[in-house]
1. If I filter the range 5-25 for residues that are more than 14 Å from the chain's Cα centre (by Cα) and outside any helix (DSSP H, G or I), do I get at least one hit?
2. Mind listing just one residue for me: the one in the range 22-38 that is among the aliphatic types (A, V, I, L, M), within 20 Å of L78 (Cα to Cα) and within 13 Å of the ligand (Cβ to nearest atom) and, of those, surrounded by the fewest Cβ atoms within 10 Å (Cβ to Cβ)?
3. Being surrounded by 15 or more Cβ atoms within 10 Å (Cβ to Cβ) and within 16 Å of the ligand (Cβ to nearest atom) is the filter here, so list the residues in the range 61-77 that pass it.
4. Considering every residue within the range 39-54, establish whether at least one is buried (at least 16 other Cβ atoms within 10 Å of the Cβ), closer than 25 Å to V137 by Cα and of a type in the set (V, I, T).
5. List the pairs whose first member sits in the range 1-26 and is on the phi > 0 side of the Ramachandran plot, whose second member is among the charged types (D, E, K, R), and whose Cβ atoms are under 8 Å apart, counting only residues at least 6 apart or on separate chains?
6. Is there a residue in the range 51-69 that is in contact with a Lys or Arg (Cβ under 8 Å, 6 or more places away or on another chain) and closer than 23 Å to L118 by Cα?
7. Whether any residue in the range 97-120 is modelled with pLDDT of 95 or more and under 22 Å from A53 (Cα atoms) is what I want to check.
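The values are calculated or read from the model by the stated rules, or taken from the named source; none is laboratory data. Predicted, not measured: the structure shown is a model, and the values here were computed from it. Here the Cβ positions follow ideal geometry from the backbone for every residue, glycine too, while neighbour counts run over all protein chains shown.
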Amino acid sequence: MARTAVYPGSFDPPTNGHVEVVRAAARLCDRLVIGVGVHAAKTPLLAADDRVALMRELAEPVAGDAGIHLEVRSFDGLVVAFAGMVGAGLLLRGLRDGTDLDDEMRMAGTNAGLAPGLQTVFVPASPATRHISATLVRQIAAMGGDVSPFVPASVARRLRDRFAR
Ligand code: ADP
């Protein structure tokens, strides 16, 4: 049975932590669909198309090495609706700390109520990336700091361009 997993997030911007979750995902599924969330109420730092392009570029080599099928698309609305649309049975989320656990447990319970056939799977962050958050990366980049310890080189370049304007 081919397993399809969905990995939803804002990825604003993609970080080394996100790439690590993709690495774990490649061991768990045959087809990975990364969903880049477009929230009408939030103004992102990077446009959805940019985030999709960066996530695709970062995830492609990982998926290629693992021999799994990869799709990266943007979505709006409910994660469970997106997962249903792409035929996913697994919903992947990363866990960094107790705050993530509280938030993610609430979300997993709610999603289980909305879509009983969709199984949430938590991926623990590694010691090397568990301190990384897209919010902090955005703040550092906005203040002209060096984000290269936290994000892949392509993302660091994109952020430099974004704030050079
Ligand atoms: P969202 O707005 O959906 O929380 P994010 O882009 O912030 O989107 O995160 C997407 C997913 O990646 C979440 O499950 C989050 O817990 C996980 N994640 C973010 N940073 C890390 C990290 N450093 N290590 C592991 N997982 C992470």
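1. no
2. Looking at the filtered set, the residue picked out is V38.
3. Result: V62, V72, R73, S74, F75.
4. yes
5. Note: pairs meeting the criteria are F11/R51.
6. So far as the range 51-69 goes, yes, one or more of its residues are in contact with a Lys or Arg (Cβ under 8 Å, 6 or more places away or on another chain) and closer than 23 Å to L118 by Cα.
7. no
Yes or no, residue by residue, for (1) within 11 Å of the ligand (Cβ to nearest atom); (2) surrounded by 12 or more Cβ atoms within 10 Å (Cβ to Cβ):
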position: V79; (1), (2): yes, yes
position: G84; (1), (2): no, yes
position: A88; (1), (2): no, yes
position: L95; (1), (2): yes, yes
position: A112; (1), (2): no, yes
position: G117; (1), (2): no, no
position: A128; (1), (2): yes, no
position: L136; (1), (2): yes, yes
position: A142; (1), (2): no, yes
